[in-house]
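These notes concern the structure reproduced below.
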Amino acid sequence: MNAGGCADPGGCDDADKHLYEYQHHELTPDVHQRIKDHLDACGHCQELYREEEIIRRKVAQCACEAAPEQLRTRVISLIATFRTTRS
């Protein structure tokens, strides 16, 4: 994921792995801070975050109904599995 120039390539992987949870405030405080610190220092990851935020906002504008909790849990699980196997 690191596009070069980042002093912490492992942080790029960590940020990518936890970006969804970071955006939705679903991380423990220490992991949230670790991702925030990396985003503050890495222009590449900041750009990915901005892109994800645009997508998240567009989806939120289109969604007029909330997904059932069971579906939401399943989708989050599938996303996590995809990110793990992609690494």
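The values are calculated or read from the model by the stated rules, or taken from the named source; none is laboratory data. This one's a predicted model, so the numbers in the text were calculated from it and none came from an experiment. Every residue, glycine among them, receives a Cβ derived from its backbone with ideal geometry; neighbour counts consider all protein chains shown. Side chains are part of the model used for accessible areas, which takes the heavy atoms of the whole protein and leaves out ligands, DNA and RNA. Shrake-Rupley method; radii C 1.70, N 1.55, O 1.52, S 1.80 Å.
Scanning the range 43-84 for residues that are closer than 30 Å to Cys6 by Cα and either of a type in the set (D, E, K, R) or in contact with a strand residue (DSSP E or B) (Cβ under 9 Å, 6 or more places away or on another chain) (or both) gives Glu47, Arg50, Glu51, Glu52, Glu53, Arg56, Arg57, Lys58, Arg83. Of the residues examined, Glu65 is not one that is without any contact (Cβ under 8 Å) to a residue 12 or more places away in the chain, assigned to a helix (DSSP H, G or I) and of a type outside the set (S, T, N, Q). Count of the range 4-53 residues, restricted to those that are open to solvent by 70 Å² or more (accessible area, probe 1.4 Å) and in contact (Cβ under 8 Å) with a residue 40 or more places away in the chain, is 2.
Of the residues examined, Cys45 is not one that is part of a loop (DSSP other than H, G, I, E, B) and not aliphatic (A, V, I, L, M).
Consider Gln70 carefully, then state whether it is over 26 Å from Gly11 (Cα atoms), outside any loop (DSSP other than H, G, I, E, B) and among the polar types (S, T, N, Q).
Here the answer is yes, as Gln70 does meet what is asked.
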